[in-house]
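Report on the structure given below.
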Amino acid sequence: MTRFGANGGSKIPSTTRRKSSDPSCKPPEQTENLSDKMSCFFERSADKSTSSSLDVVLPSNTGYLSRSIFSDEQRKFLLRVCGVMVRGGIISKPHIKKLLQKENKGKELLRKFTIEQLVNRLKYERRLNNRQSQS
């Protein structure tokens, strides 16, 4: 703050100060609600005769669309090689890579699947194993 005051030495007229504290002075109100916005959106969508490829947004993670991506043979091989992790060891990406790179089938799995997919499969097998041992 300067020696002239917070507003640089100029004085605010008392009439201005009274107007700003006047309760009848309200900020503008929003008049558009959600249904207005949605109807506007659909009107604009209806105006377009064809949809462009930009109108279609694909999911960023398509992994949830995949089911049964591992064959029974691949699953059995993975369990044979990494079974220790499933039965209670630490599921480690570098350790999985190291174990799979020792065999040709393992190298094929590493080429075909991401390491995340392999880790998720081992975690899934662990859950199945835990459910079976609890029953």
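Here are a few things to note about the model shown:
- Two-decimal ratio, the stretch 68-134, of alpha-carbon radius of gyration to 2.2 N^0.38 Å: 1.03
- ³J(HN,Hα) computed for each position of the stretch 119-133 - Karplus, 6.51 cos²θ - 1.76 cosθ + 1.60, integer Hz, glycine/proline x: 4, 4, 5, 5, 5, 5, 4, 5, 4, 4, 5, 5, 5, 5, 6
- For residue 135 and residue 99, the FRET efficiency from 1/(1 + (r/R0)^6), where r spans their Cβ atoms and R0 equals 35 Å, is about 0.75.
- Label-point separation, residue 75 to residue 115 (7 Å along Cα→Cβ), nm: 2.5 nm
- Label positions at residue 123 and residue 87, each projected 7 Å from the Cα along the C-beta direction, are separated by 2.3 nm.
- With neighbour counts taken as other beta-carbon atoms within 10 Å, the residues 99, 118 rank, fewest first, as 99, 118.
All of the numbers you see were taken from the coordinates with simple rules; none came from a lab. This one's a predicted model, so the numbers in the text were calculated from it and none came from an experiment. Cβ: placed from backbone, ideal geometry, glycine included. Neighbour counts: every protein chain shown.
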